[in-house]
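Working notes, structure below.
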């Protein structure tokens, strides 16, 4: 676990989203009992946050949204969910 945490911190501090995804996936794969927790903490929350962000995108104001790095990566991450709704999104 220590090595994963160090790798995750390095990826986060360098802004390397591509490195974050496999670290997170590797943490879940060895123990299937973690999958429901991961789905609650990430997948379900990502869907809810994406819906809320879409509301901001459809408003006339300017909004600044902050989420944890783990919510931005992967096919079920917020960036991909926003894209699937027809918006242009990129992670910088």
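Restricted to the stretch 50-81, and to residues there that are in contact with a helix residue (DSSP H, G or I) (Cβ under 6 Å, 6 or more places away or on another chain) and assigned to a helix (DSSP H, G or I), the residue that is surrounded by the fewest Cβ atoms within 10 Å (Cβ to Cβ) is 69. Against the definition (surrounded by 14 or more Cβ atoms within 10 Å (Cβ to Cβ), part of a helix (DSSP H, G or I), at pLDDT below 85 and touching a helix residue (DSSP H, G or I) at 6+ places or on another chain (Cβ under 8 Å)), how does residue 23 come out, yes or no? Judged against the criteria, residue 23 is a match. Residue 13 falls short on exactly one of the conditions (1) surrounded by 10 or more Cβ atoms within 10 Å (Cβ to Cβ); (2) assigned to a helix (DSSP H, G or I); (3) free of Cβ contacts under 8 Å to residues at least 40 places away in the same chain, and that condition is (1).
The values are calculated or read from the model by the stated rules, or taken from the named source; none is laboratory data. What you see is a predicted model; the values in this text were computed from it and never measured. Heads up, the Cβs are rebuilt from the backbone with ideal geometry, glycines too, and the neighbour counts pull from every protein chain shown.
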